[in-house]
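Since the structure comes first, as structure tokens, the remarks are kept for the end.
The values are calculated or read from the model by the stated rules, or taken from the named source; none is laboratory data. Bear in mind the structure is a predicted one, so any value in this text is a computation, not a measurement. Note that we place each Cβ from the backbone using ideal geometry, even for glycine, and neighbour counts take in every protein chain shown.
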Amino acid sequence: MTLRNTETHWGWPSKVLHWLTAVLILIQIPLGFYAEEIKLSPLKLDLFVWHKSLGMLILLLAIERLLWRMTGTIPKTADASSLQRRLAQLAHATLYVLMIALPISGWIISSAANIPTKLFWLIELPAITGPDEALKSLAAEAHEVCVFLLIAILVAHIGAALRHHFIMRDSILKRMWF
Amino acid sequence: MKYLILTTYLLSALFSELSTATNWQSEPAESELIYSVNFEQLPINGQFKEFSVDYIAQQQLRVEVNIASVDMSNSDINQAIRDVDWFDIKSHSQAVFLSDNIKAVGETEFIAEGQLQLKGISKPVSVPFSWQASAESVYMTGKLTLSRSDFSIGSPEWASGDQIGIDVSVSFAVKMLKHVSE
């Protein structure tokens, strides 16, 4: 396996980062909805520590992926119309924006709500704002809008990958696997 | 004769000072009663915005706290801690500390031994405080640690203290003014 991406292949760092992020996001979304839904309990507080910990991990991975992408190349999209290519690019760009906007808005909620956070019960996450009820509500709304947008784009992203694999029978999905 | 008058005056002044001890009362606008408790291993602060301190020098200390005035700078938490599981403010809106036993442990350091009644439970508590006098007022400060489980604050599911700590650090800084009784 190669380190760097080429015109035709993904290097292993891109693949590892992609699938690691995929697994984390698929845990993170239901975790967030469940923690928000249940009544106040020790479990709820613990689940939020997990949610914030995974969120910050996703943020770090997203930044790492962007840097990796910017310092190299990415494989070309095969046989696709220019509209499909544009849509795919838009979806991928939006995914990156959301992988940054969701953790940051969550971080603002937590800080504005005056809740201290120790990621994985190990690393203290500094507050990025002081207590502020109005900002908390605003960030919470942004977080919610972002997560529904994320779900919509993930459905399209996964749907497109499966369509490439099962209907168009090309190597787009296989290309991301090891 | 002059000296006799002066001496008599001084003595009477001294005796009146001893027999009628000075009453002091807190000035709410310049007083704070705050606490700190661990929330998932990191301290989080709260305060009681309404409370009063009455002090008869080295004789009696009485503190009344309006529990409903508690504030933790978060509307969800503020609502949760008013619940029956925590402070249960519907049934127990007030906490009282009363001490008739105040010991001097230094020139400006004292310990008030008394009973704290909180959430309907009365327990002996020692409140150490320092008494710093200035021209017009006195600054009373102190810090103590209470166990929330002693006062049944936090329902059994919170008993481990892993999410919300058991020990609560309470500190106060109170401006005391001389109270003139009628």
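Annotations for the structure displayed:
- The residues of region A:71-84 that are out of contact with any helix residue (DSSP H, G or I) (no Cβ under 9 Å at 6 or more places or on another chain) and farther than 21 Å from A:Trp177 by Cα, listed by number, are A:Thr71, A:Ser81, A:Ser82, A:Leu83.
- Qualifying residue in region B:86-100 (condition: farther than 30 Å from A:Lys44 by Cα, among the polar types (S, T, N, Q), out of contact with any Ser or Thr (no Cβ under 7 Å at 6 or more places or on another chain) and surrounded by 15 or more Cβ atoms within 10 Å (Cβ to Cβ)): yes
- Condition met for A:Thr94 (out of contact with any strand residue (DSSP E or B) (no Cβ under 6 Å at 6 or more places or on another chain), at pLDDT 95 or above and assigned to a loop (DSSP other than H, G, I, E, B)): no
- A single member of A:Leu59, A:Leu40 is hydrophobic (A, V, I, L, M, F, W, C) and in a helix (DSSP H, G or I), and it is A:Leu59.
- Residue in region A:115-124 that is surrounded by the fewest Cβ atoms within 10 Å (Cβ to Cβ), counting only those that are in contact (Cβ under 8 Å) with a residue 24 or more places away in the chain and more than 9 Å from every other protein chain (Cβ to nearest Cβ): A:Phe120
- Close pairs from region A:89-114: first on the phi > 0 side of the Ramachandran plot and of a type in the set (S, T, N, Q), partner part of a helix (DSSP H, G or I) and buried (at least 19 other Cβ atoms within 10 Å of the Cβ), Cβ under 8 Å, at least 6 apart: A:Asn114/B:Ile77
- If you go through region B:76-85 and keep only what is closer than 18 Å to B:Pro43 by Cα and surrounded by fewer than 17 Cβ atoms within 10 Å (Cβ to Cβ), you end up with B:Asp76, B:Asn78, B:Ala80.
- Scanning region A:59-84 for residues being exposed (fewer than 13 other Cβ atoms within 10 Å of the Cβ) and either touching a strand residue (DSSP E or B) at 6+ places or on another chain (Cβ under 8 Å) or among the charged types (D, E, K, R) (or both) gives a total of 2.
- Region B:56-76 residues that are within 14 Å of chain A (Cβ to nearest Cβ), paired with ones that are of a type in the set (D, E, K, R) and surrounded by fewer than 16 Cβ atoms within 10 Å (Cβ to Cβ) (beta carbon under 9 Å, 6 or more apart): B:Val70/B:Lys49; B:Asp71/B:Lys49; B:Ser73/A:Glu133; B:Asn74/A:Glu133; B:Ser75/A:Glu133
- Among the conditions (1) closer than 19 Å to A:Glu133 by Cα; (2) within 14 Å of chain A (Cβ to nearest Cβ), B:Pro43 misses just one, which is (1).
- Of residues in region A:126-139 being buried (at least 17 other Cβ atoms within 10 Å of the Cβ) and not in a loop (DSSP other than H, G, I, E, B), the one nearest to the other protein chains (Cβ to nearest Cβ): A:Lys136
- Of the criteria (1) within 14 Å of chain B (Cβ to nearest Cβ); (2) over 30 Å from B:Ser36 (Cα atoms); (3) among the basic types (Lys, Arg), which one A:Arg163 fails: (1)
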